[in-house]
1. How large is log10 I(q)/I(0) at q = 0.21, 0.27 Å⁻¹ when the Debye formula is applied to the Cα atoms of segment 521-583, each weighted equally and without solvent?
2. For residue 583, which sequence-distant residues (separation of 5 or more, or a different chain) have an amide H within less than 5 Å of its own amide H, given hydrogens modelled in the peptide plane?
3. Obtain the nm distance between the two label points defined at residue 101 and residue 594 by a simple spin-label model: each point lies 7 Å from its Cα along the Cα-to-C-beta direction.
4. Taking the convex hull of the Cα atoms, report for segment 58-184 its projected area averaged over all directions, in nm².
5. Projected area of segment 109-253, taken from the Cα convex hull and averaged over every viewing direction, in nm²?
6. Could you tell me the largest-minus-smallest coordinate of the C-alpha atoms of segment 212-251 on each of the three principal axes, in descending order and whole angstroms?
7. Taking the Cα-to-Cβ direction at residue 10 and at residue 150 and moving 7 Å from each Cα, how far apart do the two end points lie in nm?
8. Beyond a 21 Å Cα-Cα separation, which of these cross-linked pairs lie in this structure: 453/637; 583/625; 449/668; 56/112?
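Every read-out reported here was derived from the displayed coordinates using simple, explicitly stated rules and does not represent laboratory data. In this text, all values refer to a predicted model and were calculated from it rather than measured experimentally. Positions of Cβ are generated from backbone atoms using ideal geometry, with glycine treated the same way; all protein chains shown enter the neighbour counts.
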Amino acid sequence: MKNKTNRWRILILACLLVSVFSCLQKKNDNVRNEAIADSLLQEGENSLSTNPSVAKSLINKAMSLTGDSLKYYKGYILYSKTFLYNSKFDSSFIILKKTLRYLKKRTNSKNKKDLLCTVYNAHCAIFGRIGQLDSALYYGNMALKYCTDKTKAPDIYINLSDNYNMKGNYPQAALCLRNALTISDKYNLNDLKFPIYFGLGCLYLNLRDFPNSDKFFKKAEKDYKERKDSEKEIYCNNRGNYYYFTNQFKTAELWFKRGVPLALKMKDQLTESLYYSNLADVYLQLGDYRLSKYYADRAEEYFDSINFTRGLYYLNSIRIGLAVAQKKDDEANKLKEKTIDESGVDPNLLAIRYKYLEKLAIQESQYKEAYEYLKKGNELNDSVRNDLTQKKIAELSLRYRQDTTLIKKGMLIQQQKSEMKTLRLGYYVWILLFILLGTATFYFYFDMKRRHKLQREKYINQIIQYRISNIRNRISPHLLFNVLNHEMKGLDEERKKHFYTLANLLRDSLVMAEKSYVSLAEEIKFTQTYVDLERFRMDNSFNIRWTIDPNINLNQTNIIPMLLQIPIENSIKHGFVGIDREKWIMIKIAQCPEGITISIQDNGVGYHPNKKKEDSQENTGTGMKIVSQTIRILNYKNSEKIKFDINNIEDATLSGTKTDIFIPWSFKFEVK
């Protein structure tokens, strides 16, 4: 019976072990799957513009692995972008709407806001692509509202600028690009300089400021070879537009043809068709009507399929231009009568259409009508020029405001000189005497002031010497009593070794008290000796870890005596009182171009300088007062100051105190 009971116990124990092992294995699998999902999502995002089909496969796999719903929908948003690059906008919209429905059900959090920002920015990009500019601007501004990561804001601003540009709101487009550039500079986002620069090139192109447009296009072009195919394609299109509007049609043709293979590689039908419409217009200007019609037909086929109003409007204008050029006035008039909504159409496209309609009216001897189209075109251009003129006036006013003040001052001086020439010789004599008297007075005044300053500095140096001596005399007794109070209690044979260490510690403290500074190596050794004693006293109840930059020359780097020891002593004496959990102190010493940085951090109760102490004699805070007073006195003699800050650790999962110290390389510890 007993053997049977034992067998049952063994069987139950084995089942429990298998169950525990299975749970642990499942947990490990989940962690591993989440890490793989993160990696796949990142790889998929990087592949979006170069190979959407590969990106789709990677994102699908990541979504199948993750158990985190927010991460799943992050992948879902990326998945929608694969359709965007293939111009399948309806599919993108379906996914984005599902994601929005999911997010609206969740409680507010940073992750929710980040995903909302991404969803709205994707909406902005899609609506901009299909020419629904008002919707694009609405969603772009919503993306900014929910943007918590400032490094993502420039991408939103660039999208908004593109849409404001197409809408003809150039001041707002400029503001968006300026905001993007400011944030990029602040966070060193150099990768975003390329789209910002060619965005500025497009803006100045629309303002017909061709020199500035060319300048910013060339700035962007320096980084052209390093960019993704999607960015190269956008640049080719806009650079081609620059050469089109400067009537360099052969060069425009080269840039548009350079962009077509990139659009084909990305399988982006909308972009491909936009290139065909641009080429149709270029060949019309070059007089190759066959190729112009060929590319217009290719573009129109896709524009019709997605009802791309802006593209169809442009193609209709090109076909009118073709008919006019071939003297087919009837065909041109039929195209002219075709109803197309002009609301939200790019001002550049309006100007092109008015130009072709003006030619048609002249060809039909309808001069009044021709004049109306010429007037419309001029009004359109004038509105742009007026806007540009106002900006240039504001810029010139700001740039030369100070120069104008200087010119006025110069004119006043010249006027005074002319008046002085009319004065008699006697006035010059009196003026000369006044100048001599004034010079002598100023000389004696500044000489007296200099003497007083030297005397004052001498007194200040003496006072500083006395104060430093006073502080040194207080350091050694302070440490002596603090340590002896601990070590004398319950002294036995085993503590003799540690008492010997204490004697060395006291000897070192006396040596340090004679100096205004010690090497960092000496201070570290002194502090480590003190910590060893305290760890022994407290039965190794706390751990300490040192991280020291190996590139620092500890023997050649100077520090105020006990600048490390006193904050560590405070952590041990005050920070760990009443704590049962694992206790630790971390010291990190590093160098930066300006000097040495020291960080001392513990996981104690925190820093509460205003809290009433239970034992006023044991907790006088003398050590910290000595450190602060020494730093204050030495800082008085230095232009670059030592910084000494003590703060509570601001972390919901961790309590404790952090002391940050900075010592400039050029700091002088001597008081002469």
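1. Values, matching the q order: -0.91, -1.26.
2. 543
3. 5.4 nm
4. One quarter of the hull surface, i.e. the mean projection, equals 7.9 nm².
5. Projected over every direction and averaged, the Cα hull of segment 109-253 covers 8.7 nm².
6. Rounded to whole Å, the extents work out to 29, 19, 12 Å.
7. Taking the two extended label points, one gets 6.7 nm.
8. 583/625; 449/668; 56/112
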